[in-house]
Every structure is written in structure tokens, then in C-alpha cells.
Amino acid sequence: MINKPHNFKYSAIALGVASCLTAGPLLAQDAAPGDDVEVIHVTGVRGSQVKSINVKRAADSVVDAISAEDIGKLPDATISDSLQRISGVQIRRSAGEGGSVNIRGLPQVVTQMNGEQYQGANSVVSSQPDFGDVPAPLFRGVEVYKSPTASLGNAGITGTINLQTYRPFDFDVGYTISGSAEARYGVETESTDPAVSALINWNDGKFGFLFAAAISDVTLSNSYNGFNTGSPGEVGWTGRFTDAQVGLEDLGRVYMGAQGFAAWNQETERERVGLNASFQVDLGEGFVFTGDVFYTDQEEYNRKIGMSATNKWQSWDWFTPTSEKPTGAPQDGGEFYSWQSVNLDPKRLKSFTQNDSYLADSTNINFQLDYDNGGNFTGNFRGIVGRANRDKRHGYNEGDLTNGSTTLGRTTNFLPAEKCRPGDEVVGDKGGCYQEINPLGYSENPQLTLDTSGEHQRWGGFDTEIDGGLGEGATVADYMANLDSYNIGAFSSENNENSDSDLRAFSLNGSYAFDSGFITSVDMGARLSDRDVEFERFHLFSPFHNAGCEAQWKATDVTFGSTAPGACTDGEMVNGAFEPYVVLENVALDQYNNVQFITDFGPAKGIPGMWAVNPKDYDNPEKFHNRVFGSTRKQIIPGRSFEVSLEELSYYLQTNFEFLDGDLTGNAGMRVVETDLSVKQNIAGAGIPYGNSNADAGDILTNREYTDYLPSVNVAYEISEDLILRLAFAKNMVPLDLNQWGDGLSINYALDSDPDSGTFNQFIATSGTSDGNPELDPWRSDNWDISLEYYIGEASMLNAAAFKVDIDSFTENQTVQRAVPDADGIVRREVPVTTNVQGKGGTIDGVEVGAKVAMSDLIGDNSFFSDFGFDTNFTYSPSEGQGKDINGDDLMLPDNSERQFNLIGWYQADRFQARVAYNYRSKRLAAQGGAWGALNLYQESTGYVDVSASYDVTDEVSVYFSGSNVTEEYENYYMEFKDQFAYQNYYEARYTVGVRGTF
């Protein structure tokens, strides 16, 4: 860990505690956000709407909320799915389930639990919330703060999400027992998955104990077709070519190239466990002690299996457009043309198997002492201890159909004697031999077609005859169907990750209420937090043959013949010349693996079946590589491994006021945040042969301090009893994603040839690259809000709001001078380093309108329509980010959708209720600067439909049904122009039946 040059400021918090104890409970605060919201025992969708409206109306800032319809039942399958129903909240789906969350177009959102910072396992490095590992049944509600108060604590740039768990004193005296059991079914996986949850609570008014658990094991379908990719989310499109490069008449056309195209089906299994334990004690004299433990554990396996056609990164002339459209966009002195169909001439047609597993767990412990004896002074003291771990493991396998002539220009590989087989040609002086790479593979490039103009990809050409080991008349499909025509092209396990985070926080808050005057109360407090994060990325290397050489890529096209200084070489003399050994011999597809014949490639059409390795073989890739290759060694990637320590001391003062006989209320305050930042970056030295990592050449430790002054003002004017106008302003600050500070430094060295230099004939630094820059400032913004809320009944309201977020700066790539060490570790000079630097800022201006209506509030209880209601909202949030597109127009902010719309219709009678929910978001900018930096990746607009219904068999027991993505919506991605297809993510519809009881 980092050796901090500064002391952890326990003295500051100790001083605050001492001051509090000396003055009695002089420092006080109203309870943490959400703690004073009593659970309303009204069940069903109407009761949930009532609770959400009450939270919004009683809030002292701009707040939206979702509330459980019953114990353990949020309105949707996941917390993120429910959050997307709130105006301005946008989510990303992972295997069809709601995952990461944006608010008003930005991911810089802080997550709290019961009013204090929450350390989630899916957000160890980033600030963006991702609730994919958090079981929804453990929560009674979620609040979204869009404008902060000084007393809110740590707040996000565009919002703060407060997760609310159950606590013992939320329930009536005595026992409360609730639980559910359900079965979940996916139409593509055809898998029926179990999920159970339970809660038991007891309290006698003075002491209470609660325990809740949720366990599920789901298998989700997530198919893909489009440009070839590496790990999920890493798109492999790149390059460019002109019509002249593909043998067409040169008409000045420029096309987008690709390394390859793929189609696969993926099953994601998530074994999820969540536990919540809480106890509360009324100590008397106004003191209440609360202790909470919240634990999550998730094992996720993304098992991908499919087909890939590539040109092995060798050129862009391997496919010819057969259908194209002009775009009018200038490029390289010509015009960019999109293509819709192509003829393919791939060097490599293969099956592939990939398994990316994520093992994540988190523990968050809270203890707090609240004081409220009914007098003017109230206060609390809280301590938070959080720990989260997230480990990624990657396993990969290629099943090649070529005999080597198309990819390597040869059909044999040279191997040591112990790898030789009967019939191999022995030629080396140590008994080494030439071995057929894949004798029953094809020997010429397959001629395929790909059409992306329809709803889904359509492939063709598999019935074309092709030369190879199966003899005359065999087609591409024949090779795909023959297990013996495959050999293993490569095994690998790369870009694995270990990430760990420790969080400690202590806060002292309090409030003094005045008996009279326009200032109703004064809040003040201090908070100290320390967050330590270690992030490690690594490849797995294994030893081969006799010379101790190691390789990351266990592949048929890697040879131990590196000429780099100090590199291991392995081979022998053949006809008087040194011949290096190939790493991997001819390995049959089923020699070390279980195999299966696949015909499911998602919605992609025209692909015959092919053989591939079962991805479950790589649930534990290290164990597999140890079994097959004898051992593995973890090779750290210095440039992508780091440590960060973030220490914050904050304190605030807030006045709460009211004027005009209470019609005008609000608060004004100042929060000061003093930050100590320590970053340890690794220096990437010489490259490691037979892999893509580097030696660790040392560390760079950077220490920084900065202070932020964050004023906030919230005003609410009650125009009439049911009409409220709100105004808000705040300055906000959020730390960067920690990799933007911590990713390491790669230095280029050269021999100093200046005889007058003090380092003559030594390797000195000449330049470098760094994805992380510890000198970057955190995210900062100025936020304005104005909203109007009209409450027209217990479960009905209308609202409209306008907001503006002015962001100080983004990061951009630039070359700067930076002092770095020479090869001997001594810092002597500054060299140009390409890194991220502060760029210009951006803005988001938007409006939100919404309505929650229960028809009974409008027409009474005596009509058929009285049992109906709806909840709808629309958000318009155009944004201006950084950079321009190919036409020179300003780009929108990444991951932001300009328009979002929700419509939820519901019905609730005596014992039966039903709900239909629709969510729409317009296109979003998914990635900038693809295809040689000229094109950007966009996701088309999407619309998801979810349904649910339940029936109360008795007052205690109900049965329910739900369906998510019932219209089987999928995600379309394109490169700058809608006619330039990129890829599709295809999610299944899922249905759930269950029973729930509360006693």
C-alpha cells in the first residue's frame, strides 16, 4: 500500500467529538436522508406511488423516489430497472438486467446507503453506480437527490442515490416475517431459475433485531452479431480503406474497415447472495443506537461461444462492398461511403470460446448513535467501514479451420522431439520435427457474404466448395461440421483483474432548532473518510519446452525466436540454421476440452453449425492452464496497475429558514472538502517477450492536496396549499474514476550517444505514454434547478422542471513535459509524455415533466376507472461534450441520451393489481474516435416493455407474475451513420412467477 506523507486526520474529527461532548449535543443534525421517512404500511402499486409522492413533497431539495410495493418488492426486477422510471435517470443493461446508472447524462453519481457512503463491488474504481450485484428485495426504497444540501454529505455531480434498507424500528412491535419464492424463465436459455428472499424482524419498542436475505441463481441470454470484439464492450473495428485498395475503380470513395466479424450466443450466469442484518436499541434519554451489516456476494460467468471470420489484422483489402450509400462526409480528399453488404475473403474462419468471470463481494458496516429527546438539540455520530473486492478472470480459446496456409503461409510447424508424433518429419539436430498444423483443415480463403441491411445480420457462402484436407467437393459447411477439421489456434488468459477497496468514514452531525424567528434551525457537522484502492491487471504466462521459455499466447503462430536483448529463445539447428520452436503443437479441439456442436448464433441468420469448446471449461482459467501446461505465472501489466488513496475531510454549516408564515422555506449552506490524494503508478519497462506486457521498472508516487468550497441553496415557495415552486443552486465536486489518476507510465528508452552527456552510452528516457494523470482535477460543476410541483391528491401530482449543469472541464489527450527516470531509475530529465490533461468543459441543459395520477383522486371511488392510474415523465437533456464528428459538429456527452420517456399504467382493485411499464431513451454516444479517429459509435434508440400482476390469495399471501423485455427489444449500434452497421446486442424476454407472504 501507499506510504502516505500526511497523517490521517483523526485529530480533526476527535476535536469535533470533544466539542460535541463538551457542549452536550450541541452539534446535531436531522437524521440521515431517508431515516425519518416512516414506512407506510400501504401495499401495492398505488401505495408505492403514495410513498414516493410524500418523499418528494416533504424533501428540502429536488428529490425523486421509488418505494417498495410490499416488503421485499421493489417495482422492477433490479434496482437499476426501477430507477430508470425516474425522470433524468438512464441505465445501461448487462445481459438484459439493469446495471450502471446515469443521472442527467453523467455517470459521476454518488451512492449512499441510509444516508452514508456505500462501497459497492461493481464500483471499486469508478464513481458510476452499478447495482447488478445488489439484490433488490433487501431494500424498502431508493431516493434520488438531484440538488444537494450542505448536510447531504458526499454528493454527485448530477445526483446522489440513497439506498434505503429495512431497520427493526420500521416495523410494528412484535414479530414480522416476510418471504418470497419464485421461478424465473428465459425464452432463449429455456432455463428456469430459482430465487428466494426472507425477512424476519422483532422489536419490543426498546430493542429490535432484523435479518434479511436474498439468494438467486439466474442464467441470462445475451447474443451478439457484428464487428469482431475482444472482451465484452471492447469493439474491434478499426482501419480504413479506399475503393482503389479493394480493386474497384477509384472514384474517391473511403470506407470503414474491420478486423473481423463475429456472431455468438452468450449465457450469463449470476449466483447472487445478499444479506442485511440490523439491530436498534433505545438507550433512553433520547439516544438510539443502530448497527447495520450489509453484505453482497456475486459470482458471474459470461460464457460466450460463436463464430468469427477475420483477416488476422493483416490488411483491409479482404472484403469488397456490394451495397453502399454516400454520406456526404469528406474524408481524405474523397467522400465517406457506408456499406450495407460485402463479399468476404477472410484468412481465418474459426469457432471461439470466451468466458469472462467476475467474482465480487462487498461488506458495509454502519454504527450510529442518534440523539433526539424532543428538545432543541438533535444529533448523531456515525462510523462506516466498507470493503469491496472484484476479481475478473478471462479464458479464451480458438478453434481454427485453416491448415495454416491462409494465415501462416505454411502447413507445418517446428516442434521439439517430445512433441513429435509418428509420421512427422524429423529434421533437427536434437530430434525436432515438422508437424502438420491441421491436416484436415481448408487450404484457401473461404468466400463468404455478409448482409447487414436487414433487421439482423445474414451470412452466406458456406455452401461454396473449398480446397483442403477433406478433398474435392467439400464445402465450407462440411469443414465446419467435421470435428477433425479443427485444431486449437490459441489458448490465452489475459487482462485479468484484481481490485480491492477499503473505506472508513466517521461523521458527526447536529442541528439546533430555534423557537422563533425566520431561521428555524442551524445544521453543522464534520466528516472524515479514507478510501484506499488497489487495482492490478495481469496476464497468465506458462512455461514451454525445455529452455524455460514462457508464453502468454499459447498459440500455433508464436515461435520462441525473439531477438530482443535478454529474451529467451528455444529451438535447434536445422540444415545449419537456427529454427525456433513453435509454442503450441497440433492440438485437437477435444484433446483437453469438452466440445459441443452449436447452431445458435443469436438472431444472425445463414450460419451452419460448427464445433466449439464448452465455455464452462474456463470458469477457472488458471486451473485449466495449470492442468494443460503444468503451471502458470501471473505477469503484472505495470501500465494498468496502480494504488490510490483518497482522504477527505469535510465540514459544513447550513441554515434552514422560513418566511411569509411558512410559505417560503429553504436552506443555504456551505460544505468545505479538503482532499489529500496519493497515487502510486507503476513504470512500464522493457517488453516481456511472447506477450503484451512489460517489466515493472519502478514506481512514481504523487501526493496532492486541494480544497473545494461548495455552496448550496434550496428554496421552496408554497404558492398555494398544493402548488410548490422550487429553486436550487449548488457547486458540486466528485473525484475522477481512479484509473484516470492511477493508470501507469510506459517510458521509451534509447542509448545516449552524446559523448558530452553525463549519461553517455546509458539508456535514457526519450518519451512516454500514460493513461493516468495524477495531476488531473476532480469533476466540478455548477448546477441550477427550477421546478414546479402540483399535488392533486394523495396519489397524484404533476411536476415540471428545468435544469442546467455547467461542467468545468473534461479530460483530453495531449503531450506534456514530465520528469521521469532513466533506465537506471534516476530522474534526470523531462521528456514528452502523452497523457490525459484538462480540456474544456461542457454543459447539459434540460427539462423534465411528469405526472403521477391515481384516477380515484380525480373521479372518486365509484367508477370502474377509479382503480386505474398512471405514472409518466419525459426528459429532454441536450448536451455539449468535447470533440467534433466527421462533419465538424459538436459531439454530445458520451452515454447521454437527449430524450427519455417513461409511461407506466396500472390497475389495483381489492385483491388484484397489474402494471405495464414502457421505457424509451433516444440514441446515445457509446464511444468516441473509432475507425482511425474519424467516426463515432452510437447506440440507436431503444424501448423496453415490462409487465407485472399479482393477486392476494389472503391478507397475508399473494401470488405474482412479471415479465421483463416482453417485446424482446435489442440494441443496435452504428458508426456515425445509421446505414453503417456496427453490431447488435440481443436480450431475451424473461418471465417470473412467485409467491410472497407476510405475517
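The values are calculated or read from the model by the stated rules, or taken from the named source; none is laboratory data. On a predicted model such as this, the values are computed, not experimentally measured, just so you know. Backbone-built Cβ (ideal geometry, glycine too); neighbour counts: all protein chains shown.
Where strands (runs of 3 or more DSSP E) fall entirely within the stretch 752-836, those with at least 3 residues that are farther than 21 Å from GLY742 by Cβ and modelled with pLDDT of 90 or more are at 779-793, 796-807. Can you tell me which residue within the stretch 415-434, out of those that are more than 51 Å from the chain's Cα centre (by Cα) and touching a residue at least 12 places away in the same chain (Cβ under 8 Å), is farthest from THR569 (Cα to Cα)? Top of the filtered list is GLU425. Of the residues making up the stretch 863-881, just one is hydroxyl-bearing (Ser, Thr, Tyr), assigned to a strand (DSSP E or B) and closer than 15 Å to TYR907 by Cα, namely THR872.
Please indicate, with yes or no, whether at least one residue in the stretch 199-221 is of a type in the set (A, V, I, L, M, F, W, C), in contact with a Ser or Thr (Cβ under 9 Å, 6 or more places away or on another chain) and in a loop (DSSP other than H, G, I, E, B).
Kept after step one, since they are of a type in the set (A, V, I, L, M, F, W, C), are these residues of the stretch 199-221: 199-200, 202, 207, 209-215, 218, 220.
Now narrow it down to the ones that are in contact with a Ser or Thr (Cβ under 9 Å, 6 or more places away or on another chain): 199-200, 202, 209-215, 218, 220.
Those left that are additionally in a loop (DSSP other than H, G, I, E, B): none.
No, that holds for no residue.
Tally up the residues in the stretch 945-963 that are crowded, with 17+ Cβ neighbours inside 10 Å, touching a Gly at 6+ places or on another chain (Cβ under 7 Å) and under 30 Å from TYR224 (Cβ atoms), please. Number of matching residues: 1. Restricting attention to the stretch 882-895, does a residue exist that is among the polar types (S, T, N, Q) and surrounded by fewer than 21 Cβ atoms within 10 Å (Cβ to Cβ)? Scanning the stretch 882-895 turns up at least one residue that is among the polar types (S, T, N, Q) and surrounded by fewer than 21 Cβ atoms within 10 Å (Cβ to Cβ). Here GLU940 meets each of (1) touching a Ser or Thr at 6+ places or on another chain (Cβ under 8 Å); (2) at pLDDT 95 or above; (3) not basic (Lys, Arg) with one exception, condition (1). Of all residues in the stretch 703-737, those satisfying the criterion of being under 30 Å from VAL125 (Cα atoms) and either polar (S, T, N, Q) or in contact with a Gly (Cβ under 8 Å, 6 or more places away or on another chain) (or both) are ASN703, THR707, PRO711, SER712, ASN732, VAL734.
The set of residues in the stretch 459-510 being under 25 Å from ASN366 (Cα atoms) and among the polar types (S, T, N, Q) consists of SER499, SER501, SER507, ASN509. Scanning the stretch 545-576 for residues being assigned to a strand (DSSP E or B), farther than 30 Å from GLU643 by Cα, out of contact with any Asp or Glu (no Cβ under 7 Å at 6 or more places or on another chain) and among the hydrophobic types (A, V, I, L, M, F, W, C) gives a total of 2.
Could you tell me whether GLY772 is touching a helix residue (DSSP H, G or I) at 6+ places or on another chain (Cβ under 6 Å) and under 30 Å from GLY841 (Cα atoms)? Taking the combined requirement at face value, the residue satisfies it.
If we only count strands (runs of 3 or more DSSP E) wholly inside the stretch 42-103, which ones have 3 or more residues that are under 19 Å from ALA851 (Cβ atoms)?
Filter on the stretch 42-103 gives 63-67.
Got at least one residue in the stretch 598-617 being touching a residue at least 40 places away in the same chain (Cβ under 8 Å), within 21 Å of TYR434 (Cα to Cα) and hydrophobic (A, V, I, L, M, F, W, C)? No.
Looking at the structure I just gave you, is PHE870 in contact (Cβ under 8 Å) with a residue 12 or more places away in the chain and over 30 Å from LYS840 (Cβ atoms)?
Working: in contact (Cβ under 8 Å) with a residue 12 or more places away in the chain: yes; over 30 Å from LYS840 (Cβ atoms): yes.
Yes: the conditions hold for PHE870.
Being surrounded by fewer than 23 Cβ atoms within 10 Å (Cβ to Cβ) and out of contact with any Gly (no Cβ under 7 Å at 6 or more places or on another chain) is true for just one of SER126, SER147. Which residue is that? Only one candidate qualifies: SER126.
Within the stretch 901-915, if we keep just the residues that are touching a Lys or Arg at 6+ places or on another chain (Cβ under 8 Å) and within 17 Å of SER964 (Cβ to Cβ), the residue that is surrounded by the fewest Cβ atoms within 10 Å (Cβ to Cβ) turns out to be GLY905. Of all residues in the stretch 812-842, those being buried (at least 18 other Cβ atoms within 10 Å of the Cβ) and under 26 Å from the mean Cα position of the chain (by Cα) number 3. Please go through the stretch 264-289 and pick out each residue that is within 30 Å of PHE227 (Cα to Cα) and of a type outside the set (Asp, Glu). Listed by number, the residues that qualify are TRP264, ASN265, GLN266, THR268, ARG270. With respect to the conditions (1) part of a loop (DSSP other than H, G, I, E, B); (2) in contact with a strand residue (DSSP E or B) (Cβ under 6 Å, 6 or more places away or on another chain); (3) of a type in the set (S, T, N, Q), THR954 lacks only one, and its number is (2).
Candidates LEU589, LEU483: the one that is in contact with a helix residue (DSSP H, G or I) (Cβ under 7 Å, 6 or more places away or on another chain), on the phi < 0 side of the Ramachandran plot and of a type in the set (A, V, I, L, M, F, W, C) is LEU589.
Could you tell me which residue of the stretch 511-525 is farthest from ASN366 (Cα to Cα), considering only residues that are in contact with a Ser or Thr (Cβ under 7 Å, 6 or more places away or on another chain) and surrounded by fewer than 23 Cβ atoms within 10 Å (Cβ to Cβ)?
Restricting attention to the stretch 511-525, the residues satisfying the condition of being in contact with a Ser or Thr (Cβ under 7 Å, 6 or more places away or on another chain) are 511-514, 519, 521-523, 525.
So of that shortlist, the ones also surrounded by fewer than 23 Cβ atoms within 10 Å (Cβ to Cβ) come out as 512-514, 519, 521-522.
Details: TYR512: 25, ALA513: 27, PHE514: 30, ILE519: 32, SER521: 27, VAL522: 25 Å.
Per the criteria, the residue is ILE519.
Taking the stated definitions as given, is ILE792 touching a residue at least 40 places away in the same chain (Cβ under 8 Å), out of contact with any Asp or Glu (no Cβ under 9 Å at 6 or more places or on another chain) and either polar (S, T, N, Q) or within 30 Å of VAL853 (Cα to Cα) (or both)? Spell out the reasoning first.
Working: touching a residue at least 40 places away in the same chain (Cβ under 8 Å): yes; out of contact with any Asp or Glu (no Cβ under 9 Å at 6 or more places or on another chain): no; either polar (S, T, N, Q) or within 30 Å of VAL853 (Cα to Cα) (or both): yes.
Considered against the rule, which asks whether it is touching a residue at least 40 places away in the same chain (Cβ under 8 Å), out of contact with any Asp or Glu (no Cβ under 9 Å at 6 or more places or on another chain) and either polar (S, T, N, Q) or within 30 Å of VAL853 (Cα to Cα) (or both), ILE792 comes out as no.
Whenever a residue of the stretch 153-175 is touching a residue at least 12 places away in the same chain (Cβ under 8 Å) and more than 12 Å from LYS731 (Cα to Cα), its partners that are surrounded by fewer than 21 Cβ atoms within 10 Å (Cβ to Cβ) and of a type in the set (Val, Ile, Thr), lying with C-beta atoms within less than 7 angstrom and at least six residues away or across chains, give the pairs ASP170/VAL39.
Restricted to the stretch 256-309, and to residues that are closer than 30 Å to SER323 by Cα and over 27 Å from the mean Cα position of the chain (by Cα), which residue is surrounded by the most Cβ atoms within 10 Å (Cβ to Cβ)? It comes out as MET256. Among the residues of the stretch 709-728, those that are crowded, with 17+ Cβ neighbours inside 10 Å, of a type in the set (A, V, I, L, M, F, W, C) and either in contact (Cβ under 8 Å) with a residue 60 or more places away in the chain or not in a strand (DSSP E or B) (or both) comprise LEU710, ALA716, ILE724, ALA728.
When the stretch 298-334 is examined, which residues are found to be farther than 29 Å from LEU349 by Cβ and at pLDDT below 85? Within the stretch 298-334, PRO330, GLN331, ASP332, GLY333, GLY334 meet the criteria.
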